[in-house]
1. Which number comes out as Rg/Rh for the stretch 83-167 once both Rg and the Kirkwood Rh are worked out on C-alpha atoms?
2. Rounded to the nearest 500, what is the chain's calculated 222 nm mean residue ellipticity when only DSSP H runs of at least 4 contribute -39500 (n - 2.57) each, over all residues?
3. Taking the Cα centre of the stretch 17-162 as origin, sum charge times position over the Cβ atoms of Lys and Arg (+1) and Asp and Glu (-1), and report the length of that vector in debye to the nearest 20.
4. When only alpha-carbon atoms count, how far does the chain stretch along each of its three principal axes, as whole angstroms with the largest first?
5. Over the stretch 17-162, what is the percentage of antiparallel beta bridges among all DSSP beta bridges, to the nearest 5?
6. Label point 7 Å out from A29 along Cα-to-Cβ: which residues of the stretch 81-104 have amide N under 18 Å?
7. For the chain, what relative contact order do you get, as a whole percent, if you take Cα pairs closer than 8 Å and at least 6 residues apart?
8. On a straight-distance basis, which aspartates and glutamates could pair with K20 in a cross-link, Cα separation under 18 angstrom, same-chain partners fewer than 8 positions away excluded?
Amino acid sequence: MTSPEIDWPYDADQHDPLTKLRIPVVGHAWPRWFYIVAFDSGRLDDERHRPTDQEVRMLASFLDQYIDHWYNDRWKAKMAERPFDIDGGANGIIFRKWGDDDWGYRRRTWEYGPTYVPEHPRIRGEKSPGPLTLAQVMDRIHTVGEEPWTYWTDWKAAHPEVFGEVADA
């Protein structure tokens, strides 16, 4: 008989509650797997840096929106065979929480520049865009230019139980 611990090939915490929501929890910014969305818990087990229940709902909804927008039913079924949504062609997002209403993110493909945007509070410069709430970080991820993409703002508006009421643009 094999142990589930031995059979677990992922560099994510198998027993973290976020795993049930298909959100891998990793302890660093550079996971080996191409997760579409991941949460970097850091090296310290500090509850202040864990997402609140509301933030967990936002992370799960962010993942749902990404999959809904970019994948067909066949690929969705293929991804569902694993405990996490993984795609080597996706520019996955790794979220990091620095403190209350202070979030950062990175894209898996980033090779240069800061590890996270915004950076850790201890090293932020005057021009750093922080602190940012999780909702602000998610808007930033979906923005090129001045305004977030319509498909993102439409998603948020359709999910007020997660994101609150979204004002019309």
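1. On the way: Rg = 14.0 Å, Rh = 14.3 Å.
Taking Rg over the Kirkwood Rh, I get 0.98.
2. Details: 6 runs with 50 residues, N = 169.
Calculated mean residue ellipticity at 222 nm is -8000 deg cm²/dmol.
3. 540 debye
4. 56, 39, 31
5. Numbers: 9 of 15 bridges.
Roughly 60 percent of the DSSP beta bridges within the stretch 17-162 come out antiparallel.
6. Those under the cut-off are 91-99, 102-104.
7. On the way: 213 pairs, mean separation 30.8, N = 169.
Over the chain, the number comes to 18 percent.
8. E5, D7, D11, D40, D53, E55, D64, E81, D85
Where a number appears in this text, it was derived from the coordinates with a stated rule and is not lab data. Everything numeric here is computed off the predicted structure, so don't read it as measured data. Every residue, glycine among them, receives a Cβ derived from its backbone with ideal geometry; neighbour counts consider all protein chains shown.
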